[in-house]
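Following: one structure in structure tokens, then a few remarks.
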């Protein structure tokens with residue numbers, strides 16, 4: 001069995017390396033959806049789960065405050081902007097989180113809440 005190696009022309013090598021660098025820069029500059037959800041999960045767990053529960057259905061404390069079931073169609077049909085505003089400014093018995101967490105964390109938490117949508 002003979003293994004032959006092939007020489008790569010300098011221009012081909014440059015194009016290959018440049019492509020890898022550009023792809024790495026693009027991928028590195030935009031967090032993957034999974035990473036955003038992971039950050040959202042962390043924010044949700046630390047700021048929201050006390051009332052809304054781990055699955056969004058609401059804890060005993062949350063239910064006594066009449067929190068929304070985050071799995072419900074009523075919540076899930078709302079736009080991201082509406083949910084972001086509710087988290088930022090507060091709604092009903094829920095306090096606003098503006099100044100308590102960053103805008104990016106609020107966006108990440110809303111993205112995470114979308115994972116609670118009831119499976120049909």
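The values are calculated or read from the model by the stated rules, or taken from the named source; none is laboratory data. Nothing here was measured: the structure is a model prediction, and the numbers come from that model. Cβ: placed from backbone, ideal geometry, glycine included. Neighbour counts: every protein chain shown.
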Against the condition over 16 Å from the mean Cα position of the chain (by Cα), at pLDDT below 95, over 25 Å from residue 111 (Cα atoms) and not in a loop (DSSP other than H, G, I, E, B), how does residue 13 come out, does it pass? yes
Among residues belonging to segment 89-109 that are over 18 Å from residue 62 (Cα atoms) and surrounded by 15 or more Cβ atoms within 10 Å (Cβ to Cβ), point out the one that is nearest to the chain's Cα centre (by Cα). 108
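Taking segment 70-88 as the search range and keeping residues that are without any contact (Cβ under 8 Å) to a residue 12 or more places away in the chain and surrounded by 14 or more Cβ atoms within 10 Å (Cβ to Cβ), which one is farthest from residue 56 (Cα to Cα)?
In this case the residue turns out to be 85.
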Test of understanding: among 56, 40, which residue is at pLDDT 65 or above, touching a helix residue (DSSP H, G or I) at 6+ places or on another chain (Cβ under 6 Å), part of a helix (DSSP H, G or I) and surrounded by 10 or more Cβ atoms within 10 Å (Cβ to Cβ)? 40
Within segment 86-101, can you find the residues that are farther than 15 Å from residue 75 by Cβ and part of a helix (DSSP H, G or I)? 88, 89
Search result, residues across segment 59-69 that are surrounded by fewer than 13 Cβ atoms within 10 Å (Cβ to Cβ) and assigned to a helix (DSSP H, G or I): 60, 61, 64
Is there any pair with a first residue in segment 99-111 that is within 19 Å of residue 71 (Cβ to Cβ) and a second that is surrounded by fewer than 16 Cβ atoms within 10 Å (Cβ to Cβ) whose Cβ atoms are under 7 Å apart and which are 6 or more apart or on different chains, and what are they? 110/80
